[in-house]
Amino acid sequence: MVDITRLFISVLLLFILIIPGFLLRKARLAPNTLPQGLSNTVLYVLQPAMIVVAFIRPYDGSVIKTALGVLVFSFALHGLFCLLSLLFFRKCQESLKKVYRFGAIFSNAGYMGIPLIMAILGDDAAIYASVYIIGFNFYCWSVGCMIYSGDKSYVSPKKMFINAATVPTYIGLLIFLLPIDSYVPSVVVEALEMLRECVAPMSMMLVGMRLADMKLRGAFSDTRFFLSIGLRLIVFPIIAWLVMKGVALAGLYSDVTAMSVVLICAATPAATATSMFAEKFSGDAVTAGKLVSVSTILSVVTMPLVALLLKI
């Protein structure tokens, strides 16, 4: 069972990591090009390392059942979130609609979810959080790219299954399932672990830099801004819990660890990819940065409250 106090402390620690990025930006020690560089570093170097190293462990058949449950929930819930997001922001300005829908659908399951899961449930649970982001990346690199670009070609098998996040997942699964973990040189494992430890600090510093650029008056002028945050932090996590609880009550599947991992990942704030993709597709990166920053701040309160559902 999730320790709510430990969850609160862990979220608070991640929030504190925002401060260095904020101060660097305010002191003008972080140039305008730095956030983009950090985004690419996290996206193409640190995240792949974090995913691969989670799977470098001895094969354990008992892990498979829980992992499959997390995987099915992840795919089903992300699909549901995508559909539900269509009900909102219809009359919103196009550039804002893209940011608000993307931010509502996609959580910071990788950069915040995995470190939180490891802190609360132990290092071994990282594999389940890594499995959750398989579904996240499947939709993020297809539907998410389509939301920002308007290009339906992104919703294709190639782009869904071959991207910067899924390829490391395949490598990790191969190592775990064969199993060949003992053949991976220890120095490689240690290097990957060092890169993994950089994910949370660097992604949170990026949020801090975006927060430093944010004009507070503009952040609170649009009620739909907070509607997107409300969907991300409260409504969609509750829906995730209701779906999992319904499945458990129906006697189809019940696994406390799987439900805990999925709910925590689903309750994390707007994905840093919200602003990363906005920059990638020349979208409204300013609003995206505001959404990520404000939702991250509010998650210090909302995540422990949502996690209380696990005690029901």
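All of the numbers you see were taken from the coordinates with simple rules; none came from a lab. From a predicted model like this one, the values you see are computed outputs, not experimental measurements. Every residue, glycine as well, gets a Cβ built from its backbone with ideal geometry; the counts of neighbours run over all protein chains shown.
Can you tell me which of ALA200, ALA109, ALA119 moves the most in a GNM of the chain? Springs connect C-alpha atoms under 10 Å apart.
Its mean-square fluctuation being the largest, the pick is ALA119.
For a quick check: with amide H placed at 1.01 Å from N, whose amide H comes under 5 Å from SER107's, ignoring anything fewer than 5 positions away on the same chain?
ALA271
How much length, in nm to one decimal, is gained on full extension between THR223 and ALA248, taken as 0.36 nm per residue of separation minus their Cα-Cα distance?
That works out to 5.4 nm of additional length.
So for CYS140, CYS198, CYS82, fewest C-beta neighbours within 10 Å to most, what's the order?
CYS198, CYS82, CYS140
Springs between alpha-carbon atoms under 10 Å, Gaussian network over the chain: tell me which of ASN163, ASN108, ASN32 tops the mean-square fluctuations.
ASN32
Which links in LYS91/LYS280; LYS26/LYS280; LYS290/LYS311; LYS97/LYS245; LYS97/LYS215; LYS91/LYS215 stretch past 27 Å when you go from one Cα to the other?
LYS290/LYS311; LYS97/LYS245
Which of SER254, SER107 comes first, and how do the rest follow, when ranked by fewest Cβ neighbours within 10 Å?
SER254, SER107
Is any helix in the chain, taking whole DSSP H runs, at least 24 angstrom long along its axis by alpha carbon and on average at least -1.0 on the Kyte-Doolittle scale, and which ones?
TM-like helix candidates: 61-85, 285-307.
Calculate the length of the line joining the C-alpha centroid of the range 48-124 to that of the range 127-160, in whole Å.
11 Å
With springs only between Cα atoms under 10 Å, which of ALA76, ALA267, ALA212 fluctuates most in a Gaussian network model of the chain?
Of ALA76, ALA267, ALA212, the Gaussian network model singles out ALA76 as fluctuating most.
Given axes a ≥ b ≥ c from the Cα gyration tensor, I'd like to know whether the chain is rounded (a/c under 1.5), prolate (a/b larger than b/c) or oblate.
Here the chain falls in the rounded category.
How would the range 141-221 be classified by its alpha-carbon gyration tensor: rounded, prolate or oblate, with rounded meaning a/c under 1.5 and the a/b versus b/c comparison settling the rest?
Note, shape of the range 141-221 comes out oblate.
Ordered by packing density, taken as the mean number of other Cβ atoms within 10 Å over each peptide's residues, highest first, how do 177-184, 3-10 rank?
So the peptides 177-184, 3-10, ranked by packing, come out 3-10, 177-184.
For TYR44 paired with ALA191, estimate the spin-label separation in nm (one decimal), with each label point 7 Å from Cα along the Cα-to-Cβ line.
Each label point lies 7 Å from its Cα, and together they span 1.8 nm.
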